[in-house]
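What follows is a short report on a single structure.
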Amino acid sequence: MDASYDVRIWKIEVYKGAEVSTYTVRWRVAKAAFRAPFRVKAQAESFRAELTVAANKGEAFSVEDGRPLSWKRDEQTVSWFTLVCAYMDAKWPYASGNHRKSIAEALTDATEVLSANDHGRPPQKELRAALRGWVFSTRARKGERAPQKDQNPAIRWLAPPADIEHVIRWLQSNTVNVHELMQPKQGPTLTRSVVDRISRTQGGTAAAGNTVKRKRQVLNNLFKFAVEINALDENPLHNVTWTRPKTEEAVDPGVVANPEQARALLSEVGKESAMGKRLVAFFGCMYYAALRPEEAIDLRKENIVSLPQDGGWGEFILTNTDPEVGTKWTDDGSARERRGLKHRAPKAKRPVPIHPDLVALLRTHLAEFPADREGRIFTGPRRGIIRDSTYLPVWHAARQRALAPAERASGIAGRPYDFRHACVSAWLNAGVNPPQVAAWAGHSVEVLLRVYAKCISGGQAEAMRRIEAALPPSLKPPESPG
């Protein structure tokens, strides 16, 4: 038996030596006897009193070390701050930069409401900046070099920047102990406060359904991790009710540009300074080949299988993507992180046809702006990697001139990614079978049909014609009165 309620505590035993005295607390749990010597009488009396209080409460004592089991639970508890840092470190090696950033967003929201007290609490802006900019960036906390196998990663933190050091000290001492999430009365209240916080924006309005769903998945995974490392006995989310928010994955047809609008926009991009000329084919890759912006940025000569001169179709073989995630979330501190294709195995490849119009754009682009030494097709004037902050202003300026006020207000082509939506929609409406479209676009068929269901037009009339052919009307329409 590991624990027992059979406890007996004796008076303090005093031994007076020539130089020092020893005060020994003696007690028994079941048949096992225990001793705890102290040099100070007050310490012995305090320890004996704590044992007595636990015994009077009817608590179980460990037969192994004689201490109340509740003491062991208290010793094993970890703070929320310690837990979330350990979780981030565990996820870091296996997560993409964008996934790391997504985890940090959810944990930042949760940490806001799990402070043990508000004494000395830093301003909200400083708190969030420290959490997102340093605490939840394993690379920032530990440096670029990973800890050695024989080192404890928890003690290899670099000193925080001076401007946030006071925030870090406050967080280390002022977040709740994780076991409080499992207390009968307080636990559900704390957990509910976390769920409520991730369901709202910083301004207090309701967050988008997809955002809430994503953040709750992070929390659920965090609590599973806590159970795995014995910081929690069970997932606290199971103790609160939650209504899954309605989410909208389908593309709004209102953002899909028609061919005239798209070509007008591309034409205006080319007139937008020297940088605009470098971006016509870049945006063309999204409209004619459904490339994601990060796929177009990483496009290299080796990805082009053919660019025929006779006006025919060419072909891409895509292999990599280069999303911009921020220096805090990449392994080497660069703003972009080159990875394999989205939702694909690391070495997967994706063939994509190149529309004849895009063939012409690419041939013109390469003639004027040759690829750099790495084969990268799209670069800035100084041969650097294109940043989001570089191409977005060009896009918005060109859109302002290319579209009428009513078109701009409707949201048509509000962002470059909408060109990808326009391309996929065009393929589907042209009658290309969904598995082929999914393969070109880098989707599963299920996701393709769910996301682009509202953008498929003209199918209803054809469907009714086929039904009528299979099931001809039995009644003739009434003759109109003469």
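Bear in mind these aren't lab numbers, they're just calculated from the coordinates by the rules spelled out. Bear in mind that the values here come from a model prediction, so they are computed numbers and not experimental data. Please note: Cβ atoms are built from the backbone with ideal geometry, for glycine as well, and neighbour counts cover all protein chains shown.
Descriptive notes on the structure:
- Separation in nanometres of the label points that stand 7 Å from Cα toward Cβ, at ARG387 and ILE467: 5.5
- The chain: relative contact order in percent, alpha carbon pairs under 8 Å with at least 6 residues between: 12
- Principal semi-axes of the equivalent ellipsoid, √(5λ) from the alpha carbon gyration tensor of the range 386-450, are 28, 15, 9 Å from largest down.
- Derived scalar couplings ³J(HN,Hα) [the range 224-232; Karplus, 6.51 cos²θ - 1.76 cosθ + 1.60; whole Hz; x for Gly, Pro]: 4, 4, 4, 5, 4, 9, 6, 7, 9
- Projected over every direction and averaged, the convex hull enclosing the alpha-carbon atoms of the range 315-472 yields 13.5 nm².
- FRET efficiency, THR205 to LYS342 (Cβ-Cβ, R0 22 Å, nearest 0.05): 0.15
- Using the alpha carbons alone, the radius of gyration of the range 5-114 stands to its Kirkwood radius in an Rg to Rh ratio of 1.27.
- Both radii were evaluated on the Cα set of the range 287-384; the Rg over Rh quotient, with Rh as the Kirkwood radius, amounts to 0.99.
- Residues of the range 26-70 falling in the label zone of LYS16, defined by backbone nitrogen less than 17 Å from a point 7 Å along Cα to beta-carbon, are 39-42.
- For the pair SER4 and SER474, label points projected 7 Å from Cα toward Cβ lie 8.7 nm apart.
- Taken over the alpha carbons of the range 220-378 as equal point scatterers, the Debye sum produces base-10 log I(q)/I(0) values at 0.08, 0.19, 0.21 Å⁻¹ of -0.38, -1.28, -1.42.
- For the chain, the extents of the C-alpha atoms along the principal axes are 117, 71, 40 Å, listed from largest to smallest.
- Value at 222 nm in deg cm²/dmol, rounded to 500, when DSSP H runs of n ≥ 4 in the chain each add -39,500 (n - 2.57): -13500 deg cm²/dmol
- Estimated FRET transfer efficiency (ALA116, TYR417; beta-carbon r; R0 60 Å; 0.05): 0.90
- For the range 35-140, applying the loop criterion from DSSP together with a ceiling of 15 other beta carbons within 10 Å to the trypsin sites (Lys or Arg not before Pro) yields ARG39, LYS57.
- Charge dipole (the chain, unit charges on Cβ, about Cα centre) - positive-most of GLY203, THR241, ASN174: ASN174
- Averaging Cα coordinates gives a centre for the range 1-61 and one for the range 198-216; these two points are 52 Å apart.
- A viscosity of 1.002 mPa s and a temperature of 20 °C, combined with the Kirkwood radius over C-alpha pairs in the Stokes-Einstein formula, give the range 97-143 a diffusion coefficient of 189 µm²/s.
- Cβ-Cβ distance of LEU366 and ALA397, R₀ of 22 Å, FRET efficiency by 1/(1 + (r/R0)^6): the value works out to about 0.35.
- Close amide H pairs (under 5 Å, H built 1.01 Å from N) link LEU291 with MET286, residues at least 5 positions away or on another chain.
- Relative compactness, the range 190-286, computed as alpha-carbon Rg over 2.2 N^0.38 Å: 1.78
- Using only side-chain charges placed at the Cβ, +1 for Lys and Arg and -1 for Asp and Glu, the dipole size of the chain relative to its Cα centre rounds to 720 debye.
- Cross-linked pairs LYS91/LYS215; LYS213/LYS349; LYS224/LYS454: Cα-Cα separations exceed 26 Å for LYS213/LYS349; LYS224/LYS454.
- Proximal aspartates and glutamates to LYS31, defined as alpha-carbon separation beneath 16 angstrom and excluding residues fewer than eight positions away on the same chain: ASP2, ASP6, GLU64, ASP65
- Whole-angstrom gap from the range 415-440 to the range 235-271, using each part's C-alpha centre: 14
- Counting charges near ALA398 (Lys, Arg +1; Asp, Glu -1) among other residues having Cβ under 9 Å from its Cβ returns a value of +1.
- For the range 421-450, the residues whose amide N sits under 17 Å from a probe point set 7 Å from the Cα of VAL305 along the beta carbon direction are 436-443.
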